[in-house]
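Everything on this sheet refers to the single structure shown next.
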Amino acid sequence: MINCPHCGASNKDGSKFCGDCGQPLITRNGVTCPMCDNLNPPSVTACTNCGARLIPVGVTPSEEPLELLEVEEGAVVEGVEGEDTVAEPDDRGESESLEEFADVSEAEPEEAMPPWLEKLRELPSEEAASEEEATRLAPGELPDWLEVPPEFEEVLSEAGRAVEEEGVPRAEIPSWLEALRPAEEEGVAEPGELAGPPERTGLLKGIRGTLGIEPILAIPPRAASLPAFSAPPHAYEHAEVFDKVVREPARPSAEVVRPRSLETLVASTMRWIIYLIVATAVVVPILRGSNWAEANMPVTASTMAMYDAIEDLPADSVVLVSHDYDPGVAGEMIPQAKAVVGHLMRRQVRLINVSLTPEGARLSREVVDEVAEAHGYEYGDDYLSLGYVVGVEAGLRSIVEGFGGPGGTDFVDRIEDVALVVEFAGAPEYVRLWLEQVQAPYGVPMVAGVSATADPLARPYYRNQAQHQLLGLMTGLVGAAEYERRAGHPGLALASMDSQSMVHIAMVLLVLVGNLAYLGGRLRGK
Amino acid sequence: MSEVLTVWIAAILTLIVYSYLLADNPLYRLAEHLFVGSSVGYAAVVILHNILRPRLLEPLAQDAGVGWPYIIPLFLGLLLLTKARTTIAWLGNSSLAFLFGVGAALAIGGALLGSFLPQIQASWVSIWPATAGSVEAAVDNVCLAVGTIGTLAYFYFTMGSGRGARNALIRFWATVGKWVMLITFGAIFGNRIMGYVSLLIERAYFLLGDWLGLVG
């Protein structure tokens with residue numbers, strides 16, 4: 001069954017027109033042209049094969065002026081506007097155009113007339129004429145469906161009087177709707193005119209010229225079918241609200257006069273007060289050279305485990321150190337690298353340095369060279385740098401697989417000979433990358449120093465002590481300070497801890513004060 | 001002399017970046033563009049000198065008879081350049097397919113071996129003090145188990161919206177998981193603040209020590 005998209009009536013499969021309203025039926029794949037059986041997309045208004053019109057003539061809201069359309073054989077015919085296809089006595093221009101169109105059609109050779117036009121010729125048969133006569137309405141007579149039921153006549157008459165008393169202007173009816181007026185239509189239409197036979201069934205029963213298939217010549221260039229519109233109730237409510245907001249005139253912005261009180265002065269300068277507090281908390285301990293943390297800072301278990309893993313390395317063993325950070329976290333990572341590389345060099349191990357970031361290669365080179373110079377290490381003999389490793393997983397695998405091969409290093413023959421991997425990671429992805437591509441496949445012991453941001457995502461690997469994923473873990477500048485303290489070589493990280501602690505205390509106090517002020521404001525507001 | 005000049009340039013650029021605290025200004029934009037531009041330029045130079053020249057061009061130039069296999073990656077790399085023009089971009093598809101194929105194979109294999117299986121195994125913990133080792137370890141393991149189950153339940157989107165005891169149970173664990181994740185995100189945020197403070201301290205040491213010489 002095919003349901004008519006216009007009236008909803010059910011039609012049997014294969015039908016091209018609705019048996020109830022006469023509209024072309026749109027199947028699942030499109031609309032079939034009744035002239036040539038071509039299957040067209042649902043959105044088109046004319047057949048893409050023969051040009052036959054697929055929408056009713058009467059439903060054309062375009063009010064564009066008539067335009068000239070070219071006929072195939074060079075004849076020029078004045079186009080007919082869709083809403084005016086029903087001829088009117090005073091519409092001389094259109095009548096002339098229709099006559100011209102008829103003349104042109106008659107002037108064509110008989111054999112050139114297409115079959116679908118032949119069918120149109122056969123329409124006004126005697127049987128059809130008798131039916132037309134039976135259904136034709138007298139002048140001023142309304143069809144059954146337009147007649148007012150008796151129970152509403154009184155209500156409508158009262159409403160009409162009320163409207164006249166209030167002086168409500170009459171609505172302007174568009175021309176295409178005016179053309180559908182049955183009374184006027186019946187008053188001017190003569191048998192044999194181009195208005196066409198009246199509708200026999202449906203809501204448009206008795207109205208002429210509203211349906212039917214016409215050639216593309218009769219279609220106004222801008223004719224378009226009116227799409228069906230439906231929306232849920234809440235959409236209408238939203239539309240009403242939106243319409244109300246749009247129509248509401250803009251209110252002039254009121255001048256806000258703010259009193260210059262102490263509270264507003266503090267509010268406007270609060271940002272500077274916070275800057276000043278933080279700057280003081282940072283600078284004062286540095287200038288005073290305080291070293292409270294150097295003597296009192298506790299060392300966490302994860303940092304201690306990292307220290308122990310390096311402390312247990314035998315001399316002349318080879319350690320692979322990866323510096324995977326950039327300048328954005330260099331303030332945390334470089335103190336870590338200095339503390340750990342210094343410890344490694346004191347253990348007399350040989351170092352292979354790599355980096356998975358371009359900036360990390362340069363930053364690590366500066367750190368390692370500085371520490372190596374302090375410990376008497378020689379580049380090439382005691383340590384070397386493989387630089388930036390590109391290619392993420394594949395690049396890392398190629399480096400560790402290339403040990404001992406051409407272009408590799410002679411420090412070790414294979415990755416399994418590396419005693420420890422030390423990873424400095426500015427982001428947790430780098431820790432995961434080394435664990436997944438090196439530690440797990442080759443079973444190389446590994447420790448990591450990570451930025452404070454990366455710690456929560458790297459710590460589960462340290463907690464997995466049963467499988468020795470990370471033997472040790474230190475975090476941020478605090479971890480570097482712990483390592484320096486444990487190693488007994490205080491440096492920049494340990495010296496920074498007093499400033500770090502002061503800033504943290506200041507921030508906690510600021511949060512407390514801010515929340516108390518907010519709470520007080522709310523209480524006063526109540 | 002060059003070191004002094006470098007320190008002065010670095011100090012001035014540092015102060016320009018901190019001028020953003022006042023308001024967005026042209027000097028800050030200049031420093032920002034300098035940073036981005038120098039980073040990209042440095043990365044290009046590093047790739048040319050550390051990757052392309054020693055690992056591709058030099059082996060080809062030294063002995064083409066031995067190094068001829070390097071023509072394959074060179075050819076695949078050149079095909080990637082066709083991605084700059086849409087009309088011939090399809091030529092680079094084979095190179096991209098090779099890169100993504102190898103990368104995905106290594107990533108999936110590594111994730112299974114290095115993260116997925118070990119972390120599942122690590123979450124299989126004892127919550128009894130006798131077998132966990134101590135009361136503290138048992139409490140720690142309970143938190144781990146509750147957090148894992150709750151987080152998994154939170155992402156069980158296909159269940160929990162209807163009625164019934166099973167849906168109510170999933171909703172309960174999803175709420176637990178939501179709070180566990182909130183605590184985790186809070187910890188990450190707090191650590192990030194700590195990291196930024198560390199960067200501020202490092203810059204303060206640079207300005208007060210290397211630039212002004214107030215700190216030894």
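The values are calculated or read from the model by the stated rules, or taken from the named source; none is laboratory data. Just so it is clear, the structure is predicted and the values come from calculations on it, not from any experiment. Cβ coordinates were reconstructed from backbone atoms using ideal geometry, including for glycine residues, and neighbour counts include every protein chain displayed.
In segment A:276-290, the condition of being touching a residue at least 24 places away in the same chain (Cβ under 8 Å), away from every other protein chain (no Cβ under 14 Å) and either in a helix (DSSP H, G or I) or surrounded by 16 or more Cβ atoms within 10 Å (Cβ to Cβ) (or both) is met by no residue. Restricting attention to segment A:449-479, and to residues there that are more than 10 Å from chain B (Cβ to nearest Cβ), closer than 18 Å to B:Gly110 by Cα and hydrophobic (A, V, I, L, M, F, W, C), which single residue is surrounded by the most Cβ atoms within 10 Å (Cβ to Cβ)? Among them, the one singled out is A:Leu470. Within segment A:334-359, track down each residue that is assigned to a helix (DSSP H, G or I), within 11 Å of another protein chain (Cβ to nearest Cβ) and free of Cβ contacts under 8 Å to residues at least 40 places away in the same chain. Selection gives A:Ile334, A:Pro358, A:Glu359. On the given criteria, is A:Gly331 in contact with a strand residue (DSSP E or B) (Cβ under 7 Å, 6 or more places away or on another chain) and assigned to a helix (DSSP H, G or I)? No; evaluated as a whole, the condition is false for this residue. Can you go through A:Ser385, A:Ser322, A:Ser302 and tell me which one is more than 13 Å from chain B (Cβ to nearest Cβ), in a strand (DSSP E or B) and on the phi < 0 side of the Ramachandran plot? The match here is A:Ser322. Scanning segment B:7-63 for residues that are basic (Lys, Arg) and more than 30 Å from B:Pro73 (Cβ to Cβ) returns a single hit, B:Arg29. Filtering A:Ala394, A:Ala425 for residues that are in contact with a Ser or Thr (Cβ under 8 Å, 6 or more places away or on another chain) and in the same structural domain as A:Leu344 (by TED's automatic domain parsing) leaves a single hit, A:Ala425.
Can we say A:Val444 is among the aliphatic types (A, V, I, L, M), more than 26 Å from A:Ala330 (Cα to Cα) and either touching a residue at least 12 places away in the same chain (Cβ under 8 Å) or facing chain B (nearest Cβ under 7 Å) (or both)? It is true that A:Val444 is among the aliphatic types (A, V, I, L, M), more than 26 Å from A:Ala330 (Cα to Cα) and either touching a residue at least 12 places away in the same chain (Cβ under 8 Å) or facing chain B (nearest Cβ under 7 Å) (or both).
One line per residue, one yes/no per condition, for (1) at pLDDT 90 or above; (2) acidic (Asp, Glu):
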position	(1), (2)
A:Thr409	no, no
A:Asp413	no, yes
A:Asp417	yes, yes
A:Val421	yes, no
A:Tyr430	yes, no
A:Leu435	yes, no
A:Val444	yes, no
A:Ala454	yes, no
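The residues of segment B:84-99 include none that are within 9 Å of chain A (Cβ to nearest Cβ) and outside any helix (DSSP H, G or I). Of the set (1) within 11 Å of chain A (Cβ to nearest Cβ); (2) in a helix (DSSP H, G or I); (3) surrounded by 13 or more Cβ atoms within 10 Å (Cβ to Cβ), all apply to B:Val215 but (2). Residues of segment B:79-99 that are exposed (fewer than 13 other Cβ atoms within 10 Å of the Cβ) and basic (Lys, Arg): B:Arg85 alone. The selection criterion, being assigned to a helix (DSSP H, G or I), closer than 23 Å to A:Gly391 by Cβ and of a type in the set (Gly, Ala, Ser), does not hold for B:Ala10. Quick one: is B:Leu48 aliphatic (A, V, I, L, M), loosely packed, with under 14 Cβ neighbours inside 10 Å and within 13 Å of another protein chain (Cβ to nearest Cβ)? Yes; evaluated as a whole, the condition is true for this residue. Yes or no: segment A:461-484 includes at least one residue that is free of Cβ contacts under 8 Å to residues at least 12 places away in the same chain, closer than 21 Å to A:Met297 by Cα and of a type outside the set (Asp, Glu). Looking through segment A:461-484, none of the residues is free of Cβ contacts under 8 Å to residues at least 12 places away in the same chain, closer than 21 Å to A:Met297 by Cα and of a type outside the set (Asp, Glu).
Is at least one residue of segment B:158-168 in a loop (DSSP other than H, G, I, E, B), of a type in the set (A, V, I, L, M, F, W, C) and either touching a residue at least 24 places away in the same chain (Cβ under 8 Å) or more than 13 Å from chain A (Cβ to nearest Cβ) (or both)? Scanning segment B:158-168 turns up at least one residue that is in a loop (DSSP other than H, G, I, E, B), of a type in the set (A, V, I, L, M, F, W, C) and either touching a residue at least 24 places away in the same chain (Cβ under 8 Å) or more than 13 Å from chain A (Cβ to nearest Cβ) (or both). Going by the structure shown, is A:Glu482 more than 11 Å from every other protein chain (Cβ to nearest Cβ) and in a strand (DSSP E or B)? Considered against the rule, which asks whether it is more than 11 Å from every other protein chain (Cβ to nearest Cβ) and in a strand (DSSP E or B), A:Glu482 comes out as no. With respect to the conditions (1) under 15 Å from B:Met194 (Cβ atoms); (2) in contact (Cβ under 8 Å) with a residue 40 or more places away in the chain; (3) not assigned by TED's automatic domain parsing to the domain that holds A:Gly426, A:His504 lacks only one, and its number is (2).
Could you please find all residues in segment A:417-469 being over 18 Å from B:Leu117 (Cβ atoms), in a loop (DSSP other than H, G, I, E, B) and not aliphatic (A, V, I, L, M)? Hits for segment A:417-469 are A:Gly426, A:Pro445, A:Ser451, A:Thr453. Every condition in (1) among the aromatic types (Phe, Trp, Tyr); (2) at pLDDT 95 or above; (3) not assigned by TED's automatic domain parsing to the domain that holds A:Val367 holds for A:Tyr307 except the one numbered (3). Just a yes or no: is a residue in segment B:32-53 of a type in the set (Asp, Glu) and over 25 Å from the mean Cα position of the chain (by Cα)? No, that holds for no residue.
Of all residues in segment A:420-432, those that are under 8 Å from A:Asp324 (Cβ atoms) and surrounded by 24 or more Cβ atoms within 10 Å (Cβ to Cβ) total 5. Can you tell me which condition A:Val503 does not meet? The list is (1) within 13 Å of another protein chain (Cβ to nearest Cβ); (2) at positive phi, and all the others hold. If we test A:Val503 against (1) within 13 Å of another protein chain (Cβ to nearest Cβ); (2) at positive phi, just (2) comes out false.
Evaluate the following for A:Ala372: is it farther than 27 Å from A:Ala452 by Cβ, more than 10 Å from every other protein chain (Cβ to nearest Cβ), in contact with a strand residue (DSSP E or B) (Cβ under 8 Å, 6 or more places away or on another chain) and modelled with pLDDT of 95 or more? In short, yes. Summed over segment B:100-139, residues that are surrounded by 14 or more Cβ atoms within 10 Å (Cβ to Cβ) and facing another protein chain (nearest Cβ under 10 Å) total 15.
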